[in-house]
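Participant: Okay, here's the structure, questions in a sec.
The values are calculated or read from the model by the stated rules, or taken from the named source; none is laboratory data. These numbers were taken from a predicted model, which means no experiment stands behind them. Neighbour counts are summed over all protein chains in view; Cβ atoms, including those assigned to glycine, are modelled from backbone coordinates with ideal geometry.
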Amino acid sequence: MDTIFALATASGRAGVSVIRISGPDAVKIASGLMTDVPLDRGLRILRDASGAVIDHALVLSFQAGHSFTGEDVVELQTHGSPAVVKAVSARLHTLGARHAEAGEFTRRALDNGRLDLSQVEGLADLIDAETEMQRQQAVRVFTGGIGDLVEQWRRKLIRAAALVEATIDFADEEVPTDVSPEVTDLLSGVKMQLQREIAGASVAERLRSGFEVAIIGAPNAGKSTLLNRLAGRDAAITSEIAGTTRDVIEVNFDLHGIPVTFLDTAGIRETEDTVERLGVERALDRSRRADLRVVLKSDDDGMDDEISEADLVYLAQADRFGEPVNAVSGRTGYGVEKMIADIHDRLADRVRFTSTATRERHVIAMSRSIDGIDAAFRYMESEGSEDLIAENIRSSIRAIEALIGRVDVESLLDEIFSSFCIGK
């Protein structure tokens, strides 16, 4: 493979810039920049082809098998000057290194078995994490949370398949004649765990991308003023003229670690104005697809038919009514902290049921694994062919292995030989 390099820190001026080199010739190429490459770490003078000094750098070396990519890696920590980075990059090009493509370091980590596919996704989520709960969830995936679950499920399914296949191919050996009770227990246990993960995956995905909370109400109910209060800036236009908001306005918010996008929607009312009517329709459609709705309510505003039990309902414009209980005012801030606490409590209840699986790909793979288990059960109940039972269990195994990008057909034989002493 080519030896690649890239700037690992943000471009532009900084205190330190980190340039990483990875590949079979990483040490050889790095040697062209300095007198010798340290075995571990050390300070070195980097020089160009003529021997002129480029910079003084801290150089770190990682041997193959002990680096992020699994290859020989040399890391150059230079002063954070764009000119230094440019000069070092030019020198690495002349020495035979190629500039890495997007994600190529992580791809090599996957290819070399340093990360599995789910960990790669977790790493991407960790880099993008903006709130504490997003970070915690990404760390669970990046540190192998899905891989650990897959290994548990895989081991049980391999055991089940091995029991079934042992009755086919090794009936004369010391193998239990009726393996169905243990196979049933193994398959049922895995299926239950898969169903639990699938049930929490939608919440995990929302935690990754952010929950949507729609603020709805009649025109001039104070929705835009409340949004501006939450945002700490004039994100939405406020006016005494009804129907000012025509489109959905979004503001991202870190709600005590939970990522939330608040949606300011058009005032809901009957109107002859074509543009405003489209805004009302869009507001209703978007709010119904949101994870939670905050309804700003006032007497005779026509909102009663739209309110559901799942909504958080507050009296609008509390500053005009003597600040009563369960009311909110974006103008004065009255009731806003309580509203935020209510929203957090609702969403936190959902987050408690989150799973390690965070993406639609994970749900699809787990659903296919359940399909294989269900098919195996159907053949067992009808006393069908053991071959078909075993094949459907193998199909279930392949489905969950897709979660981490691994398929290992030889492990079935490993289980049979180790568990039943066959082939001695």
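Participant: Hey, any hits in segment 339-349 for a residue that's among the aliphatic types (A, V, I, L, M), at pLDDT 85 or above, farther than 20 Å from Phe253 by Cβ and more than 18 Å from the chain's Cα centre (by Cα)?
Facilitator: Among the residues of segment 339-349, not one is among the aliphatic types (A, V, I, L, M), at pLDDT 85 or above, farther than 20 Å from Phe253 by Cβ and more than 18 Å from the chain's Cα centre (by Cα), which makes the answer no.
Participant: What pairs can you find where one residue is in segment 115-130 and closer than 15 Å to Ile258 by Cα, the other is part of a loop (DSSP other than H, G, I, E, B) and not basic (Lys, Arg), and their Cβ atoms are less than 8 Å apart, with a gap of 6+ or different chains?
Facilitator: Pairs found: Asp125/Thr358.
Participant: Sticking with this structure for a sec: Determine which single condition Asp125 fails, assuming it passes every other condition in (1) modelled with pLDDT of 85 or more; (2) within 30 Å of Glu401 (Cβ to Cβ).
Facilitator: (1)
Participant: When you scan segment 337-360, do you find a residue that is part of a loop (DSSP other than H, G, I, E, B), out of contact with any Leu (no Cβ under 7 Å at 6 or more places or on another chain), over 30 Å from Ile198 (Cβ atoms) and not acidic (Asp, Glu), even just one?
Facilitator: No, there is no match, as no residue in segment 337-360 is part of a loop (DSSP other than H, G, I, E, B), out of contact with any Leu (no Cβ under 7 Å at 6 or more places or on another chain), over 30 Å from Ile198 (Cβ atoms) and not acidic (Asp, Glu).
Participant: I need the full set of residues from segment 64-121 which are of a type in the set (S, T, N, Q) and within 23 Å of Glu401 (Cα to Cα), in order please.
Facilitator: Hits for segment 64-121 are Thr69, Thr106, Asn112, Ser118, Gln119.
Participant: Restricting to segment 82-108, name every residue that is touching a helix residue (DSSP H, G or I) at 6+ places or on another chain (Cβ under 8 Å) and crowded, with 17+ Cβ neighbours inside 10 Å.
Facilitator: Of everything in segment 82-108, those that are touching a helix residue (DSSP H, G or I) at 6+ places or on another chain (Cβ under 8 Å) and crowded, with 17+ Cβ neighbours inside 10 Å turn out to be Leu92, Leu95, Ala97, Thr106.
Participant: Based on this model, can you work out whether Gly232 counts as surrounded by fewer than 14 Cβ atoms within 10 Å (Cβ to Cβ), within 30 Å of Arg352 (Cα to Cα), modelled with pLDDT under 80 and not charged (D, E, K, R)?
Facilitator: Answer is yes for this residue.
Participant: Could you please find all residues in segment 322-340 being over 18 Å from Ala231 (Cβ atoms) and not polar (S, T, N, Q)?
Facilitator: Once the filter is applied, which keeps residues that are over 18 Å from Ala231 (Cβ atoms) and not polar (S, T, N, Q), segment 322-340 yields Gly322, Glu323, Pro324, Val325, Ala327, Lys338.
Participant: Does Arg286 count as in contact with a helix residue (DSSP H, G or I) (Cβ under 6 Å, 6 or more places away or on another chain) and in contact (Cβ under 8 Å) with a residue 40 or more places away in the chain?
Facilitator: Criteria not met by Arg286.
Participant: Sticking with this structure for a sec: I'm told Leu43 meets every condition in (1) in a strand (DSSP E or B); (2) surrounded by 13 or more Cβ atoms within 10 Å (Cβ to Cβ); (3) not polar (S, T, N, Q) except one. Can you identify the failing condition by its number?
Facilitator: Answer for Leu43: the failing condition is (2).
Participant: Which is part of a loop (DSSP other than H, G, I, E, B), at pLDDT below 85 and touching a Ser or Thr at 6+ places or on another chain (Cβ under 6 Å), of Ala266, Ala283?
Facilitator: Residue meeting the stated conditions: Ala266.
Participant: Oh, and also: Tell me yes or no: at least one residue of segment 57-65 is assigned to a loop (DSSP other than H, G, I, E, B), under 35 Å from the mean Cα position of the chain (by Cα), surrounded by 18 or more Cβ atoms within 10 Å (Cβ to Cβ) and modelled with pLDDT under 95.
Facilitator: Scanning segment 57-65, I find no residue that is assigned to a loop (DSSP other than H, G, I, E, B), under 35 Å from the mean Cα position of the chain (by Cα), surrounded by 18 or more Cβ atoms within 10 Å (Cβ to Cβ) and modelled with pLDDT under 95, so the answer is no.
Participant: Would you say Arg154 is among the basic types (Lys, Arg) and under 17 Å from Ala8 (Cβ atoms)?
Facilitator: No.
Participant: Give me the residue from segment 1-37 that is among the polar types (S, T, N, Q) and within 35 Å of the chain's Cα centre (by Cα) and, out of that set, surrounded by the most Cβ atoms within 10 Å (Cβ to Cβ).
Facilitator: Ser22
Participant: Tell me yes or no: at least one residue of segment 166-181 is over 18 Å from Val351 (Cα atoms), of a type in the set (A, V, I, L, M, F, W, C) and at pLDDT 85 or above.
Facilitator: no
Participant: If you don't mind, another one. Kindly indicate the residue of segment 66-100 that is small (Gly, Ala, Ser) and in a helix (DSSP H, G or I) and also farthest from Ala30 (Cα to Cα) among those meeting that condition.
Facilitator: Selected residue: Ala83.
Participant: If I ask for residues that are crowded, with 18+ Cβ neighbours inside 10 Å and of a type outside the set (Gly, Ala, Ser), which ones from segment 141-155 would you list?
Facilitator: Val141, Phe142, Ile146, Leu149, Val150, Trp153, Arg154
Condition check ((1) surrounded by 17 or more Cβ atoms within 10 Å (Cβ to Cβ); (2) over 27 Å from the mean Cα position of the chain (by Cα)) across all residues:
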site	(1), (2)
Ala327	yes, yes
Arg331	no, yes
Glu360	no, no
Ile364	no, no
Tyr379	yes, yes
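Participant: Of the numbered conditions (1) surrounded by 13 or more Cβ atoms within 10 Å (Cβ to Cβ); (2) within 29 Å of Glu281 (Cα to Cα), Ser369 fails exactly one; give the number of that condition.
Facilitator: (2)
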